[in-house]
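Engineer: Sending over a structure as structure tokens; questions will come in a sec.
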Amino acid sequence: MTYTGRGDKGRTDLYSGERVSKASETIRACGTVDELESLIGVCQAHCDKDLSELQNELHILTAELADRNPDKRITEENTERVEELCDHYQKEIPPLRSFVLSGGCVAASHLDHARSVARRMERRVVEMEPESEEVLAYVNRVSDLLFLMARHENHVEGVDEDNSDY
């Protein structure tokens with residue numbers, strides 16, 4: 001059997017066993033993290049970057065948000081790893097001159113989409129007022145990384161950035 005029926009009335013279980021509304025801040029935030037993790041899978045299918053570590057960290061983030069006392073947490077090391085990736089991609093691309101329109105090659109387009117979902121994820125997590133300041137730093141860096149990766153994909157593919165005209 002692949003279904004339990006426990007969620008048929010709009011409620012679900014947290015890891016702690018607490019039943020909450022599927023419309024709760026926690027479930028909205030976890031759902032957005034899940035959406036981002038899935039979208040990063042799409043990105044990985046279209047570019048040569050290994051994004052599995054980021055996907056795993058997003059699973060850790062979901063567990064932390066859903067329970068607030070998990071064994072694994074987002075740590076300073078996770079944030080530093082994302083920052084190191086940001087620094088790497090920043091060095092590989094030309095300096096930013098103005099706002100960049102989303103799009104370009106297929107991989108960059110998917111990464112831009114993931115970046116916008118990451119920003120929504122950040123807003124949902126902030127609404128929860130998480131106990132960990134590291135979670136807030138991490139979710140902010142993830143969108144920065146996706147933005148830089150999109151720019152990098154276009155740069156590698158020889159696609160000129162389309163800048164906003166205002």
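Engineer: What value, in deg cm²/dmol to 500, does the helix sum -39500 (n - 2.57) over DSSP H runs of n ≥ 4 give at 222 nm once divided by the residues of the chain?
Structural biologist: After summing the helix terms and dividing by the residues of the chain, the value is -21500 deg cm²/dmol.
Engineer: At a threshold of 8 angstrom on Cα-Cα distance, excluding pairs fewer than six apart, so keeping six or more, what relative contact order does the chain reach in percent?
Structural biologist: Relative contact order of the chain: 26 percent.
Engineer: How large is ³J(HN,Hα) for each residue in region 67-78, as worked out from phi by the Karplus curve 6.51 cos²θ - 1.76 cosθ + 1.60 (θ = phi - 60°), to whole Hz, x for Gly and Pro?
Structural biologist: Values per residue, Gly and Pro as x: 10, 6, 7, x, 5, 9, 9, 6, 10, 4, 5, 4 Hz.
Engineer: Continuing with the same structure: Show the residues, 5+ positions off or on another chain, whose built amide H is closer than 5 Å to the amide H of residue 11.
Structural biologist: Answer set, sorted by chain and number: 22.
Engineer: Starting from the Cα gyration tensor of the chain, multiply each eigenvalue by 5, take the square root, and state the resulting semi-axes largest first in whole Å.
Structural biologist: Each semi-axis is √(5λ); the values are 32, 17, 14 Å.
Engineer: Counting other C-beta atoms within 10 Å, and keeping those with at most 13, which DSSP coil trypsin sites (Lys or Arg not before Pro) do you find in region 29-130?
Structural biologist: Hits after loop and neighbour filter: 72, 97.
Engineer: Here's another thing I want to ask about it. Take the Cβ-Cβ distance between residue 128 and residue 98 as r, set R0 to 41 Å, and report the resulting FRET efficiency rounded to the nearest 0.05.
Structural biologist: The computed FRET efficiency comes out at 0.75.
Engineer: Tell me the GluC sites (Glu not before Pro) within region 14-65 that lie in a loop according to DSSP and have at most 14 other beta-carbon atoms within 10 Å.
Structural biologist: 18
Engineer: Still on this structure: Determine which lysines satisfy two conditions relative to residue 49: a Cα distance under 27 Å, and not lying fewer than 8 residues away in the same chain.
Structural biologist: Within reach: 72, 91.
Engineer: Quick one: dipole size for region 21-64, taken about the Cα centre, charges +1 on Lys/Arg Cβ and -1 on Asp/Glu Cβ, in debye to the nearest 20.
Structural biologist: 220
No lab work stands behind these numbers, since they all come straight from the coordinates. Small disclaimer: the values here were computed from a predicted structure and weren't measured. We place every Cβ from the backbone using ideal geometry, glycine too, and count neighbours over all the protein chains shown.
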